[in-house]
Amino acid sequence: EKKQTINFGAGPAKLPQAVFIFLLHPEMSHRSADFSKIINTTENLLRELLNVPENYKILFLQGGGSGQFSGVPLNLIGLKEDRCADYLVTGTWSARAAKEAEKYGKVNVIHPKLDSYTKIPDSSTWSLNPSASYVYYCCNETVHGVEFNFIPDTKGVVLVSDMSSNFLSRPVDVSKFGLIFAGAQKNVGCAGVTVVIVREDLMGKALKECPIILDYQVQAGNNSLYNTPPCFSIYIMGLVLEWIKNNGGADAMERLNVQKSNIIYDLINHSNGFYSCPVDMACRSRMNIPFRIGKKEGDENLEKLFLDGASKLGMISLKGHRSVGGIRASLYNAVTVEDVKALAAYMEEFFNNHQ
Ligand code: PMP
């Protein structure tokens, strides 16, 4: 029998327990009435949970968040003749998105000289280009644990956000955005489906080399069924959205995520530097908490000991991303307050034994 574990991984992440009691025949045709019902229900739940205005389309696409690093410029960089876009680069994922966009137009990287991704420079220092087709940012940098707690003011330029790792972890005013995208595998389901929420008037200006499956207008015109969609992942997303709704919606998720992340940050802040998080207080992520143990730059032996001990207790996937090392606790929606308390108790005990 499988041992009970708590998955603190950055994604694919833990799914709510309640979702496991449902089963679906995975061979269902995507043209069947049953599947139509599933995709429509999933879309309606998303609309309801995020208050998505009527003039926005919701698409369910393949290709992951990375697919949208290409999809966004291919569809939107031609909105204005200059083919320019501004990218706020605050971590690995926005850096990758900016690099991909350079294939299709002129990219102005707003934070080109950050020596480490631990803060968001004050918006008064950003030199945004008023004739850019769009301004792009990553709302939560999963590797570095840097999260925007405000919506950037673009002075009217179309705003695009990668919300892969904090989607539905809090309410968001969709009307402030031209486009939001998010892979499902962190907060709203399993890998395989990526949600794109796009304002209708921005569609129809894709570059001619845009692959047809990434063309928002084509996908919107076909209710995301231009080609075979990731049926099973969409079904699971519907179940997770229903679970979010039954548990109080985006507001309740936010309250829980604040409570959960505070438990770990408070513990880090009161550990006399034994645990340390390099991220500026103002932009610490509620979703992904990177930290080091022993000293600021991390004592790798202690960190290994920490991970081994955690794994013996069933707490898995706590290793930091290979590019930054250390530890990373990801506290997505499905991770419960009890899960986080178990981690905190272990951190407390580890501190007492090794400080
Ligand atoms: N954006 C963010 C913020 C991510 O965390 C990730 C993956 N961890 C991606 C994009 C890439 O997503 P995918 O692996 O689905 O392509």
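Based on DSSP, what percent of beta bridges with both residues in the chain are antiparallel, to the nearest 5?
Numbers: 21 of 37 bridges.
So the antiparallel bridges in the chain amount to around 55 percent.
So, in nm, how far is label K113 from label N272 when the simple model puts each one 7 Å beyond its Cα toward the Cβ?
4.0 nm
Helix 92-101 versus the longest principal axis of the chain: what angle, 0 to 90°, nearest 10, using Cα atoms?
20 degrees
Considering all projection directions equally, how large on average is the shadow of the alpha-carbon convex hull of segment 111-254, in square nanometres? Display every interim value, and only then the final one.
On the way: hull surface 40.8 nm².
In nm², the orientation-averaged hull projection of segment 111-254 is 10.2.
Quick one: if you stick a label point 7 Å off each Cα along the C-beta vector at S36 and E48, how many nm between them?
2.1 nm
Please work out the ratio of the alpha-carbon Rg of segment 36-162 to 2.2 N^0.38 Å and round it to two decimals. Intermediate results must be reported in sequence, preceding the final value.
Working: Rg = 15.5 Å, N = 127, 2.2 N^0.38 = 13.9 Å.
Dividing the Cα Rg of segment 36-162 by 2.2 N^0.38 Å gives 1.12.
Return one quarter of the surface area of the convex hull spanned by the alpha-carbon atoms of segment 181-246, equal to its mean projected area, in nm². It would help to have the intermediate numbers written out before the result.
Working: hull surface 20.0 nm².
For the Cα atoms of segment 181-246, the hull's average projected area reads 5.0 nm².
On a 0 to 90° scale, report how tilted helix 249-269 is relative to the longest principal axis of the chain, with both axes built from alpha carbons and the result rounded to the nearest 10.
The angle comes out near 40 degrees.
Which value, in Å² and to the nearest 10, is the accessible area of L305 when all protein chains are kept and the probe is 1.4 Å?
About 90 Å², ignoring ligands and nucleic acids.
Expressed in nm², what is the orientationally averaged projection area of the convex hull enclosing the Cα positions of segment 220-350? Please list the in-between numbers first.
Working: hull surface 42.8 nm².
Hull-based average projected area comes out at 10.7 nm².
Which pairs in the list K119/K176; K119/K245; K312/K341; K113/K304; K119/K319 are over 26 Å apart, alpha-carbon to alpha-carbon? Display every interim value, and only then the final one.
Working: K119/K176 23 Å; K119/K245 33 Å; K312/K341 17 Å; K113/K304 32 Å; K119/K319 22 Å.
Over 26 Å Cα-Cα: K119/K245; K113/K304.
Tell me whether segment 65-125 comes out rounded, prolate or oblate; compute the Cα gyration tensor, take square roots of the eigenvalues as a ≥ b ≥ c, and use a/c under 1.5 as the rounded threshold.
It comes out oblate by the Cα gyration axes.
Between the DSSP loop rule and a limit of at most 15 other Cβ atoms within 10 Å, which trypsin sites (Lys or Arg not before Pro) in segment 108-199 are left?
Details: sites: K113, K119, K155, K176, K186, R199; in loops: K113, K119, K155, K186.
Hits after loop and neighbour filter: K113, K155.
Using a Förster radius of 25 Å, what is the FRET efficiency between S124 and M281 based on their Cβ-Cβ separation? Nearest 0.05, please.
Details: r = 19 Å, r/R0 = 0.76.
Efficiency computed from Cβ-Cβ geometry: 0.85.
At what distance in angstrom do the alpha carbon centres of segment 260-298 and segment 84-150 lie from each other?
With segment 260-298 and segment 84-150 each reduced to a Cα centre, they are spaced 24 Å.
Give a residue-ordered list of calculated ³J(HN,Hα) values for segment 48-55 (Karplus: 6.51 cos²θ - 1.76 cosθ + 1.60, θ = phi - 60°; whole Hz; x for Gly, Pro).
Couplings: 6, 5, 10, 6, 6, x, 4, 7 Hz.
State the three equivalent ellipsoid semi-axes of the chain, derived from the C-alpha gyration tensor as the square roots of 5 times its eigenvalues, in descending order and whole Å.
Working: eigenvalues 230, 141, 52 Å².
Working through the eigenvalues yields semi-axes of 34, 27, 16 Å.
If exposed means no more than 12 neighbouring beta carbons inside 10 Å and the site is in a DSSP loop, what's the longest run of the chain without any exposed chymotrypsin sites (Phe, Trp or Tyr not before Pro)?
On the way: sites that count: F22, F150.
With chymotrypsin sites (Phe, Trp or Tyr not before Pro) excluded where exposed in loops, the chain gives 151-355 as its longest stretch.
Okay, helix-only estimate at 222 nm for the chain: each DSSP H run of n ≥ 4 adds -39500 (n - 2.57), divide by all residues, round to 500 deg cm²/dmol; what do you get? Could you put the intermediate results ahead of the total?
Working: 8 runs with 115 residues, N = 355.
Result for the chain: -10500 deg cm²/dmol, rounded to the nearest 500.
So if a site counts as exposed when it's one of the GluC sites (Glu not before Pro), its DSSP state isn't H, G, I, E or B, and it has at most 14 other Cβ atoms within 10 Å, what's the longest stretch of the chain without one?
Values: sites that count: E1, E27, E54, E81, E102, E209, E297.
In the chain, the maximal stretch lacking such sites is 103-208.
Compute the acute angle (0 to 90°) between the alpha-carbon long axis of helix 64-76 and the principal axis of greatest extent of the alpha-carbon atoms of the chain; round to the nearest 10°.
Orientation of helix 64-76: about 40 degrees from the principal axis.
The values are calculated or read from the model by the stated rules, or taken from the named source; none is laboratory data. These figures come from a predicted structure and were not determined experimentally. We place every Cβ from the backbone using ideal geometry, glycine too, and count neighbours over all the protein chains shown. All accessible areas refer to the heavy atoms of the entire protein, side chains included, with ligands and DNA or RNA removed. Shrake-Rupley method; radii C 1.70, N 1.55, O 1.52, S 1.80 Å.
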